[in-house]
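The values are calculated or read from the model by the stated rules, or taken from the named source; none is laboratory data. Please read these numbers as outputs of a predicted model, since none were measured by experiment. For neighbour counting, all protein chains shown are included, and Cβ atoms are generated from backbone atoms with ideal geometry for every residue, glycine included.
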Amino acid sequence: MPELPEVETVRQDLQRLTLGPRILAVEVLLARTIAYPAGEMFGRSLIGTRFTQWQRRGKYLLGSLDSRAVLGVHLRMTGQLLWVQGSTPLSAHTRVRLAFEEGWDLRFVDQRTFGQMWLVPAGVELEAVIPTLQTLGPEPFSPAFSEAYFQAALQKSRRLIKTALLDQSLVAGVGNIYADEALFLSGIHPLTPAVQLSDVAKARLREALIEVLRAGLEQRGTTLRDYRDLRGLNGNYQGQAWVYGREGDPCRLCGTPIQRMKLAGRSAHFCPHCQPLKTPLSPGERGWG
């Protein structure tokens, strides 16, 4: 699933490319992609409008329109937003097509069809239509994601630290890739219970999260399978990843082969030498197989 660097890269592209031209036509090729509103109201409400600004909240893209409505987009696992010439043939997995003036299309392509779009009318609170927005934690680059906040949020948590980092109510936008990378840089094993982390370790982890997210953004994200930017180009972070996607490869610091394990249905990559598990856990505490 695209994480903060990937979604922010798409946001920046949308801000650069889609402001100004008017939407002339809307084609919904898969009805369930539209979470709100139902029926033809989605397309009718978009036609004739222009985007004025794109924002990001966690992994959500929020496009403000001159009608004062807001288009919300969540890419989920395989969603892509592509800015292409209108004459470009539709791909098999195109779910929604917005046709603009000057011959351009914004297309929502989604192979596994988990992605969603919402059109929030003017005067309606975003959280009333997209309730999960109100559950999101602070943005990693914001003052709200302070050391004091992070220390307090993890102080009494008995969850494994990798599981905690994937909780969007703790910090918005972090997912599997950058959680693994941050845990490596901070020398923390993914199976470490959060409550066992010292204040120094938590401070180091917070700084590592910010560092790897900035690095991912500078490289325009990570492409392992599906992620593409608005022009259809891959991200470049995977070429410099410390552990994610490198199972069996030598650690870039010590040469020990990178290991991968399943943790609560997700993968976790780590270096057993650089990230030792200081307190062994019983099978019941581990929650992994």
Quick one: in the stretch 42-51, of everything that is surrounded by 13 or more Cβ atoms within 10 Å (Cβ to Cβ) and without any contact (Cβ under 8 Å) to a residue 40 or more places away in the chain, which residue is farthest from Gly103 (Cα to Cα)? Gly43
If you go through Leu183, Leu191, the only one that is in contact with a strand residue (DSSP E or B) (Cβ under 6 Å, 6 or more places away or on another chain) and more than 30 Å from Phe108 (Cβ to Cβ) is Leu191
Restricting to the stretch 221-237, and then to whatever is polar (S, T, N, Q) and either under 19 Å from Gln111 (Cβ atoms) or in contact with a strand residue (DSSP E or B) (Cβ under 7 Å, 6 or more places away or on another chain) (or both), can you tell me which residue is surrounded by the fewest Cβ atoms within 10 Å (Cβ to Cβ)? Asn234
Which one of these does Val26 not meet: (1) modelled with pLDDT of 95 or more; (2) crowded, with 16+ Cβ neighbours inside 10 Å; (3) out of contact with any Asp or Glu (no Cβ under 6 Å at 6 or more places or on another chain); (4) not in a strand (DSSP E or B)? (4)
What number of residues in the stretch 1-40 are without any contact (Cβ under 8 Å) to a residue 12 or more places away in the chain and of a type in the set (Asp, Glu)? 1
Restricting the search to the stretch 60-90, which residues are out of contact with any Ser or Thr (no Cβ under 7 Å at 6 or more places or on another chain), surrounded by 15 or more Cβ atoms within 10 Å (Cβ to Cβ), hydroxyl-bearing (Ser, Thr, Tyr) and modelled with pLDDT of 95 or more? Tyr60
Count of the stretch 101-144 residues which are surrounded by fewer than 19 Cβ atoms within 10 Å (Cβ to Cβ) and aromatic (Phe, Trp, Tyr): 3
Going through the stretch 138-167 one residue at a time, which ones are touching a Ser or Thr at 6+ places or on another chain (Cβ under 7 Å) and more than 21 Å from Pro276 (Cα to Cα)? none
Does at least one position in the stretch 190-202 carry a residue that is among the β-branched types (Val, Ile, Thr), touching a residue at least 12 places away in the same chain (Cβ under 8 Å) and part of a helix (DSSP H, G or I)? yes
Being in a strand (DSSP E or B), touching a strand residue (DSSP E or B) at 6+ places or on another chain (Cβ under 7 Å), modelled with pLDDT of 95 or more and not β-branched (Val, Ile, Thr) narrows it down to one of Arg260, Arg246, so name that one. Arg260
Looking only at the stretch 173-195, count every residue that is over 18 Å from Cys274 (Cβ atoms) and buried (at least 22 other Cβ atoms within 10 Å of the Cβ) and tell me the total. 3
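Run down Gly39, Gly48 and say which single residue is under 20 Å from Leu126 (Cα atoms) and either assigned to a loop (DSSP other than H, G, I, E, B) or not assigned by TED's automatic domain parsing to the domain that holds Asp105 (or both). It would help to see each step written out before you state the result.
Working: Gly48 fails: under 20 Å from Leu126 (Cα atoms).
Just a single option satisfies the conditions, and that option is Gly39.
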